[in-house]
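The values are calculated or read from the model by the stated rules, or taken from the named source; none is laboratory data. Because the structure is a prediction, the values reported are computed rather than measured. For neighbour counting, all protein chains shown are included, and Cβ atoms are generated from backbone atoms with ideal geometry for every residue, glycine included. Ligands, DNA and RNA are excluded from the accessible area calculation, which covers all protein heavy atoms including side chains. Shrake-Rupley method; radii C 1.70, N 1.55, O 1.52, S 1.80 Å.
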Amino acid sequence: MKHNHLIIVSLLAVITPILAQAAPITINYTPSINSGILVNPDIGITDHQTINRHNNLYWSEPSYPETSVVYYRWYWEQLEPEEGVYNYKLIDDTIKAARAQNKKIVIRFMTMAGLNDTYYKPSPRAGKKILGIPCWLKKQIDPKTHAICKNDNSFIIDYKNKIFKADLKRFVDAMGKRYDHNPTILRLDVGLVGTWGEWHLATHYKDPAPTLGNHGYKAKDLIPYITMMQQAFPNKMLTMSIATTSENTTSYATLHGLGWRADCIGDWSHGWNHMEEGYPQTIQHIEGKGKIKNTYPDKDFLNRWQHAPVDLEICTDMVDWAKKSKVYTPEMVKKTFDYILNLHTSLFNLKSTKIPAQYQPLLHALIKKLGYRFNLNHIEVISEFKPETSITFNSQWQNVGVAPSYNNYPIVWRLRSKNNKDIYYFNTNNNITQWMPASNTISQAPIYNQNNTFTLPKKIIKGQYYVDIAMVKPNTHQPQVLLGINGEIDNKWFQLTSITIK
């Protein structure tokens, strides 16, 4: 598109005194609502260990939803195969591939796999058991059994070991130095401890409660692993696993600004299960209400979503749910999805597997609410519509999703001539991270009124103009967010009403 005129007008521009005596004109406009699925930055369903399941070379799945976020987990041994030699290429290539599809990444660094877990294709280690920590470190902390590095991962890490802790901090610091300011990385999941980075010791102990607390760990032993991630990634948002009733790490983390995540949503297995016993008991413990004392109770835990994200992950996958259709009825799946929404979830990892047809309508309804969803309910444009006179955009908004946007995408107004030759931008300092959704799924979302006043340029070309709007990448005019209204005209710019400059 070629423009003869391109003038950027700051919100802070001085409004020229109105010389004419004519009264301002008010133009009202109410957009129609778009009820479809919106794929927006930082929210929704995530891809898992793949950039796009739809065109994955090894396993393609067309039924999987469109995503804007991908989730990757790497073991320490993959990223530092030799002491002090980092495999940045593995992360860099993933970032490059994600950026090419306009997606962001959530990362977890792990130190221990499940017993007998192996790598899968396309990993160069495919078929080999996952040690988790680098073999060179294993030889230092367990020199008598260094041969175990070959193809045996029964070794259980001692997270109190000073050598282990010092080397891990050096590794995390190196990752932070390289990636803390990388805009493609949305956030990091603090997964340095336990089996699969989930802050427990499952599969490595046969007892019914293989928790860290039941195996001699206290808060003082585990908090340093949260701190080292905070220190290495001060500019990134972090999330912390919900852990168990034996640990106080989650409440410590959320008290210190971290978001939280849970890795087995939707487990309604007969007998003990996460949904009826695991999560309710653990949340009570985090809040300081459980039977086991919590030295760092977070009484406001369930409201932390207002400032830090909630990320969830399915237990098994939806194909497995379909195989257990007597348990995972449509009613029970809806119950799970309602639970997800009431926790004010931003991201939900469905493991990039097939979505059975019977669950598709329920999933579509979930996706429409996950994270934020901004509806522009009404605008009024007030001006004399003459050069060097003021123009005011009063707009009314609602966040009809279930979470705020944790990144700001400021509003930009635009006047565009009907022949598209003359375009004038009006930048605002709106902070949409403050636009909260309803407190629960049955309440009405609050209304946010934004009043932006500017001065029309002295040399604005007279004629008819469209009023356009976009939520943009900060300090640019690059639209980022699909609004919940109709009228998209050009790569997330939305056309609203029209005016005439006299």
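Go through LYS129/LYS162; LYS169/LYS218; LYS128/LYS177; LYS291/LYS351; LYS177/LYS473; LYS326/LYS354 and tell me which ones have a Cα-Cα distance over 27 Å in this structure.
Values: LYS129/LYS162 25 Å; LYS169/LYS218 19 Å; LYS128/LYS177 30 Å; LYS291/LYS351 34 Å; LYS177/LYS473 24 Å; LYS326/LYS354 19 Å.
Flagged as over cut-off: LYS128/LYS177; LYS291/LYS351.
What Rg and what Dmax come out for the range 223-332 when only alpha-carbon atoms are used, in angstroms?
15.6, 47
Could you compute the net charge surrounding ASN235? Neighbours are other residues with a C-beta less than 13 Å from the C-beta of ASN235; K and R count +1, D and E count -1.
That works out to +3.
Local charge sum around THR184 (other residues, Cβ-Cβ under 11 Å, Lys/Arg +1, Asp/Glu -1)?
With Lys, Arg at +1 and Asp, Glu at -1, the neighbours total +3.
So what J values fall out for the range 23-28 if you push phi through Karplus, 6.51 cos²θ - 1.76 cosθ + 1.60 with θ = phi - 60°, rounded to Hz, Gly and Pro as x?
Residue by residue, the range 23-28 yields 6, x, 9, 10, 10, 9 Hz.
Keeping all protein chains in place, calculate the accessible area per residue for the chain (probe 1.4 angstrom), answer in Å².
The answer is 45 Å² per residue.
Any idea how far the Cα center of the range 149-205 sits from the one of the range 228-260, in Å?
First find each Cα centre; the distance between them is then 14 Å.
Angle, helix 162-179 long axis vs. longest principal axis of the chain, Cα atoms, 0 to 90°, nearest 10?
That works out to roughly 20 degrees.
Placing unit charges on C-beta atoms (Lys and Arg positive, Asp and Glu negative, everything else neutral), compute the dipole magnitude of the range 115-202 about its Cα centre in debye, rounded to 20. Write down the numbers at each step before the final one.
Numbers: 16 positive and 9 negative charges, 66 e Å.
My answer is approximately 320 debye.
Which of rounded, prolate or oblate describes the range 395-502 when judged by the alpha-carbon gyration tensor and an a/c cut-off of 1.5?
Here the range 395-502 falls in the prolate category.
How much of the accessible area of the range 33-134, probe 1.4 Å, is carbon plus sulfur, in whole percent?
Details: 2330 of 4500 Å².
Answer for the range 33-134: carbon and sulfur cover 52 percent of the accessible area.
Once the piece of chain linking LYS128 and ILE442 is laid out straight, how much longer is it, given 0.36 nm per residue of separation minus the C-alpha distance between them?
On the way: separation 314, 0.36 × 314 = 113.04 nm, distance 4.95 nm.
Here the answer is 108.1 nm.
Amide H to amide H, which residues 5 or more places from HIS200 or on other chains are under 5 Å from it, using H placed in the peptide plane?
THR195
When the accessible area of the range 367-462 is split by element with a 1.4 Å probe, what percent falls to carbon and sulfur?
Of all accessible area on the range 367-462, carbon and sulfur atoms account for 44 percent.
What nm distance separates the two modelled labels at GLN230 and THR316, each placed 7 Å from Cα along Cα→Cβ?
Label at GLN230, label at THR316, 3.8 nm between them.
For the range 333-340, in order, what is each residue's ³J(HN,Hα) by Karplus, 6.51 cos²θ - 1.76 cosθ + 1.60 with θ = phi - 60°, in whole Hz (x at glycine and Pro)?
These are the phi-based 3J(HN,Hα) values: 5, 4, 4, 5, 5, 5, 4, 4 Hz.
I want the local charge near LYS459. Using Cβ-Cβ distances under 11 Å, sum +1 for each Lys or Arg and -1 for each Asp or Glu among the other residues.
Details: positive: LYS458, LYS462; negative: GLU388, ASP422.
Residues close to LYS459 contribute a combined charge of 0.
Stretched out fully, how many nm does the piece from HIS181 to LYS299 gain, at 0.36 nm a residue minus the Cα gap?
Length difference between fully extended and current span is 39.3 nm.
Where nothing but the Cβ of Lys and Arg (+1) and of Asp and Glu (-1) is charged, how large is the charge dipole of the chain around its Cα centre, in debye to the nearest 20? Can you show the working numbers first?
Values: 56 positive and 42 negative charges, 166 e Å.
With Lys and Arg at +1 and Asp and Glu at -1, about 800 debye.
Residue by residue through the range 231-237, which ³J(HN,Hα) values in whole Hz follow from phi under the Karplus form 6.51 cos²θ - 1.76 cosθ + 1.60 (θ = phi - 60°), with glycine and proline marked x?
6, 7, 10, x, 9, 10, 6
By its C-alpha gyration tensor, with a ≥ b ≥ c as the square roots of the eigenvalues, how is the range 330-483 shaped: rounded for a/c under 1.5, else prolate for a/b larger than b/c, else oblate?
Judged from the Cα gyration tensor, the range 330-483 comes out prolate (a/c at least 1.5, a/b above b/c).
Let me know the charge dipole size of the range 386-502 about its Cα centre in debye, to the nearest 20, where only the beta-carbon of Lys, Arg (+1) and Asp, Glu (-1) is charged.
Magnitude of the dipole: close to 520 debye.
Have a look at the DSSP beta bridges in the chain and tell me what percent are antiparallel, nearest 5. Please report the intermediate quantities before stating the final value.
Numbers: 47 of 84 bridges.
Antiparallel: roughly 55 percent of the beta bridges in the chain.
With no solvent and one point on each alpha carbon, what is the Debye value of log10 I(q)/I(0) for the range 49-139 at q = 0.17, 0.19, 0.20 Å⁻¹?
-0.82, -0.99, -1.06
Once Rg and Dmax of the Cα atoms in Å is worked out from the coordinates, which option in (i) 25.5, 81; (ii) 21.3, 65; (iii) 25.9, 92 does it equal?
(iii)
Could you let me know the centre-to-centre spacing of the range 103-147 and the range 297-365, using Cα atoms, in angstrom?
Comparing the Cα centres of the range 103-147 and the range 297-365, I get a distance of 29 Å.
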